[in-house]
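Participant: Quick one: the structure is below, and I'll ask about it shortly.
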Amino acid sequence: MQGRTRGPWAAGAVDGGPTPVAGASAGAVLLLGSLCALLSAVFPAAGQTPALLLAIAAATTVGGVALVLLRSVVTWTVLNAAVIAGELLLVAAAVDAAGDRSRLVAVTGLAVLGVLPSALLLRPRPAAVHLGVVVAVAVALRLLAPGGGTVVEAVYVAVALVAVAVLGVVLSRAVARADVDDLTQLPNRRALARALDAHVAAPPPAATSLAMLDLDGFKEVNDTHGHGAGDARLVAVARHLRARLPDGLLARIGGDEFVWVVEAGEDEARQRLEEATSGLPDGQRVSFGVAVLDASDSAATWRQRADADLYAAKRRRRGLLPASLDTPEAEELLRAITDGELVLRYQPVVDLGTGALTGVEALVRWQHPERGLLPPSTFLPLAEATGVVDLLGARVLRAACHEVREWQRRTGTTAGVAVNVSGAELASPAYPGRVLRALADSGLSASDLVLEVTETAFAEAPTMTASLAALRAAGVRVAVDDFGTGWSTLSRLDQLPVDVLKLDKSFVDRVVPGEGCTPVVDAVLAMARALDLEVTAEGVETAEQVCALRDAGCDAAQGYHLQRPVPLEDVELSARLRTAA
């Protein structure tokens, strides 16, 4: 993840336009120029045209004020046009204001020679002192010149010198920023390339090591907590590393990759990196690879050797995963999650009263490159055992929200989506924020999302009720999945933050043709009506089951008889579902 550009003259993060600082700065320059033109018009000298100067002052004032007020919405086209037009007008004012046209070039040249070098080369404090001295001397000389200089002319000289100095500062800062990563303030890829070229061209007498560092599991931080949290993590890690690796060159070259170049042998470099990468913020772990500069190396081959060592470290799972994941199967599952091999299939949920489609349930599948489409029973137990179910759940949630919202836009349907949630996910205090970010990013309405929580999860993690209550307050609906398999929630069902009961397939299977639902199902439906809860029957496989459930007052159903899980674009929106029973 690249850090977003923050420089004052950089493009905006959203629409590619100039930042507010750029618009305001341009406006301030125009206003300063308009003041000079106005002073010349008010105190005219021989040969000047006050009317022209007043017109220029008025035009640049309007432009400057507009740029300052509209700095947040101004486009590059408008900014460029305003600055160019303003500069032309101010040049015209300067030419008209100069009593002796032949002095104009000399004054400009002296201003550049007198101020620009200090602005470009000196540090801010001595450059400011130098500018102050130059301005004071220039103004004094102008006022004490033979024949007497006017105050207006002195102001012109001072403004010209300050303007040139500001230009020099802007240029020098722009050059400096070109070598700095805007997010972490570390040297960037460009600065690193120049340093590596210098080391290769003139190798230091001592051994020099190049270390490639990569943050482990950083993609999960972005996917789970959002890019803002990812940026904050990068800044915190950069600050930590810079404090513990003060010598050498520490650079961020993009995403979650850092590079450290230091005059040290491989063993020393590795030891220092082990110490520096311990105790990182938020428990972040880092993998690294080290290569010592060889006489035959180019900058590219030096980096490639360090990259290869980094890859070997990751293959050895150095700090990347807990021991439970250090197996070929677990590693393959993690790769499938991060590489996008997990796909979603959707099963319709049908209103039994009207036959209308009310929603879809998102069901995850593994599109294995060799074994084909795998059901969740082949990989969810491994995900839960190895602790990656949280990452898997985050991917499923975001994908379902984005895909269903796009489907709604494309088809005009109002059907929502149900997503299964594990107890491990709900146990995290950050889970409500993850859900709300997924909704905000996708544009899906909170009322169109149902979170399905198994009955056993409620029993195993009772503290999750606070997270679910917060999400319900935001409009998200909650369903008890596989209801009736354990009855562990029955005694406190009226206290749980739920809206829907998903009747387990084992009860639906007991429906006997011609005899209707069993007394237990009738009791569940009666209890749900008393608690104002909806009931959706799962695993409906026959028309007789549909009829019996509908007659008993069940609200909705899903199952193979209605439609099997399919890609979202294959979900039948109306005809067959309405006549399925």
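The values are calculated or read from the model by the stated rules, or taken from the named source; none is laboratory data. A quick note: this is a predicted structure, and the numbers were derived from the prediction, not measured. A quick note on method: Cβ atoms are made from the backbone with ideal geometry, for glycine too, and the neighbour counts reach across all protein chains shown. Just the protein is used for accessible areas: all its heavy atoms, side chains included, with ligands, DNA and RNA removed. Shrake-Rupley method; radii C 1.70, N 1.55, O 1.52, S 1.80 Å.
Participant: Looking only at residues that are of a type in the set (Gly, Ala, Ser) and within 27 Å of the chain's Cα centre (by Cα) in the range 182-210, which one is modelled with the lowest pLDDT? Before you say what the answer is, go through the steps one by one.
Facilitator: First pass over the range 182-210, keeping only residues of a type in the set (Gly, Ala, Ser): 191, 193, 195, 198, 201-202, 206-207, 209.
Filter again for within 27 Å of the chain's Cα centre (by Cα), leaving 191, 193.
Values: ALA191: 86, ALA193: 89.
Across the range 182-210, the extreme among qualifying residues is ALA191.
Participant: Looking at this structure, is GLU268 at pLDDT below 90 and farther than 30 Å from ARG398 by Cα? If you could, list the steps in order and put the result at the bottom.
Facilitator: Details: at pLDDT below 90: no; farther than 30 Å from ARG398 by Cα: yes.
So GLU268 fails the test.
Participant: Take the range 427-439 and flag every residue that is closer than 10 Å to ASP390 by Cβ and either in a helix (DSSP H, G or I) or polar (S, T, N, Q) (or both).
Facilitator: SER428, TYR431, ARG434
Participant: Quick one: in the range 566-581, of everything that is modelled with pLDDT of 90 or more and open to solvent by less than 30 Å² (accessible area, probe 1.4 Å), which residue is nearest to LEU352 (Cα to Cα)? Before you say what the answer is, go through the steps one by one.
Facilitator: First, pick out the residues of the range 566-581 that are modelled with pLDDT of 90 or more: 566-571.
Those left that are additionally open to solvent by less than 30 Å² (accessible area, probe 1.4 Å): 566, 568, 571.
Numbers: VAL566: 20, LEU568: 21, VAL571: 17 Å.
Here the answer is VAL571.
Participant: Quickly run through the range 515-536 and pick out the residues that are part of a strand (DSSP E or B) and without any contact (Cβ under 8 Å) to a residue 60 or more places away in the chain. Explain how you work it out, then say what you get.
Facilitator: To start, the set of residues in the range 515-536 that are part of a strand (DSSP E or B) comprises 516, 534-536.
Within the range 515-536, GLY516, GLU534, VAL535 qualify.
Participant: Filter the range 186-207 for residues that are part of a loop (DSSP other than H, G, I, E, B) and touching a helix residue (DSSP H, G or I) at 6+ places or on another chain (Cβ under 6 Å) and give the result. Spell out the reasoning first.
Facilitator: Applying the first criterion (part of a loop (DSSP other than H, G, I, E, B)) to the range 186-207 yields 186, 188, 202-207.
Scanning the range 186-207 gives a single hit, LEU186.
Participant: Can you pull out the residues in the range 413-430 that are farther than 27 Å from LEU334 by Cβ and either among the acidic types (Asp, Glu) or surrounded by fewer than 19 Cβ atoms within 10 Å (Cβ to Cβ) (or both)?
Facilitator: Applying the first criterion (farther than 27 Å from LEU334 by Cβ) to the range 413-430 yields 413-416.
Scanning the range 413-430 gives THR413, THR414.
Participant: For residues in the range 352-395 being under 28 Å from the mean Cα position of the chain (by Cα) and open to solvent by 70 Å² or more (accessible area, probe 1.4 Å), which is farthest from LEU568 (Cα to Cα)?
Facilitator: GLU384
Participant: Just to be sure I understand the filter: pairs with C-beta atoms under 9 Å, separated by 6 or more residues or on different chains, first member in the range 392-414 and of a type in the set (Val, Ile, Thr), second member assigned to a loop (DSSP other than H, G, I, E, B) and open to solvent by 20 Å² or more (accessible area, probe 1.4 Å). Which pairs pass?
Facilitator: Partner pairs satisfying both residue conditions: THR411/LEU573; THR413/LEU573.
Participant: Additional query: Quick one: how many residues across the range 531-563 are open to solvent by 10 Å² or more (accessible area, probe 1.4 Å) and touching a Gly at 6+ places or on another chain (Cβ under 6 Å)?
Facilitator: Looking only at that region, the number is 3.
Participant: For VAL396, state whether it is in the same structural domain as ALA440 (by the TED database), outside any helix (DSSP H, G or I) and of a type in the set (Val, Ile, Thr).
Facilitator: Numbers: in the same structural domain as ALA440 (by the TED database): yes; outside any helix (DSSP H, G or I): no; of a type in the set (Val, Ile, Thr): yes.
Spelling it out, it is not the case that VAL396 is in the same structural domain as ALA440 (by the TED database), outside any helix (DSSP H, G or I) and of a type in the set (Val, Ile, Thr).
Participant: Would you mind finding the one in ARG437, ARG477, ARG398, ARG410 that is surrounded by fewer than 18 Cβ atoms within 10 Å (Cβ to Cβ) and among the basic types (Lys, Arg)? So that I can check it myself, show each step before the final result.
Facilitator: Values: ARG437 fails: surrounded by fewer than 18 Cβ atoms within 10 Å (Cβ to Cβ); ARG477 fails: surrounded by fewer than 18 Cβ atoms within 10 Å (Cβ to Cβ); ARG398 fails: surrounded by fewer than 18 Cβ atoms within 10 Å (Cβ to Cβ).
Only one candidate qualifies: ARG410.
Participant: Being in contact (Cβ under 8 Å) with a residue 60 or more places away in the chain, acidic (Asp, Glu) and more than 22 Å from ARG190 (Cβ to Cβ) is the filter here, so list the residues in the range 281-312 that pass it.
Facilitator: ASP309, the sole residue that qualifies.
Participant: Pick from the range 275-305 the residues that are closer than 17 Å to ASP216 by Cβ and at pLDDT 85 or above: which of them is nearest to the chain's Cα centre (by Cα)? I'd like the intermediate steps shown before the answer.
Facilitator: So in the range 275-305, the residues closer than 17 Å to ASP216 by Cβ come out as 276-290.
Filter once more, keeping what is at pLDDT 85 or above: 276-277, 286-290.
Numbers: ALA276: 27, THR277: 24, VAL286: 21, SER287: 23, PHE288: 25, GLY289: 27, VAL290: 30 Å.
Result: VAL286.
Participant: Go through the range 445-460 and give me each residue that's open to solvent by less than 10 Å² (accessible area, probe 1.4 Å) and modelled with pLDDT of 80 or more. Give the derivation first.
Facilitator: Going residue by residue through the range 445-460, those that are open to solvent by less than 10 Å² (accessible area, probe 1.4 Å) are 449, 451-453, 455, 457-458.
Once the filter is applied, which keeps residues that are open to solvent by less than 10 Å² (accessible area, probe 1.4 Å) and modelled with pLDDT of 80 or more, the range 445-460 yields LEU449, LEU451, GLU452, VAL453.
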